[in-house]
């Protein structure tokens, strides 16, 4: 794939408490690497990845890896508004990180209006399930996901299990939202950028989903 060519650019933000493994997930997805120890994110880190979402349609994915500590929250909040998608990440061996997911979700939804952010809930460190270290059950997480109206995926940055699935599920949600009108290209908003002429984008969207989905005022 020629990485200099892309049709759409999506900005995706990583959300969740400190040490849940957001940076490790990005490292695994973008470089297929896992480090036993990794420096905590200070402020915001930036990653880029390219994906062919369907034949002939290349996406440039910009990932913003936010620090989970409260002292950096004023910095990370400034990145919410220009994000089209977010991974809500908790550590399934850390109850507090799971309990805080609703706060992360609500904070983003409050600050992105009138834009829309699409989410996927991610339970990280699934490799520790077999070790008996899990404290958040799959059932609990699935209930929360239904309450938030988002998909749920359990992953392990250490083994690579479902990491690609989680990122690409979110990416395809954004792409389908773009084609269906749920996500809109807007001047002055960097959540989604289009490198093809607007007329061509409109024609593609019309062919993909002739019936536009009704707009939602909330996050999902």
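Read-outs throughout are calculated quantities, based only on the coordinates presented, and are distinct from any laboratory measurement. This one's a predicted model, so the numbers in the text were calculated from it and none came from an experiment. Cβ coordinates were reconstructed from backbone atoms using ideal geometry, including for glycine residues, and neighbour counts include every protein chain displayed.
Sort the following peptides by mean Cβ neighbour count (other Cβ atoms within 10 Å, averaged over residues), highest first: 161-170, 84-93, 180-189. Provide the component values of the computation, followed by the final result.
On the way: 161-170: 19.2, 84-93: 25.8, 180-189: 14.1.
Averaged packing, sorted descending, gives the order 84-93, 161-170, 180-189.
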Taking 0.36 nm per residue of separation and subtracting the Cα-Cα distance, what length does fully extending residue 187 through residue 135 add?
14.3 nm
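As an exercise, find the ratio Rg/Rh for segment 75-159 from alpha-carbon atoms, using the Kirkwood inverse-distance average for Rh.
Numbers: Rg = 13.5 Å, Rh = 13.5 Å.
Radius of gyration over Kirkwood radius for segment 75-159 works out to 1.00.
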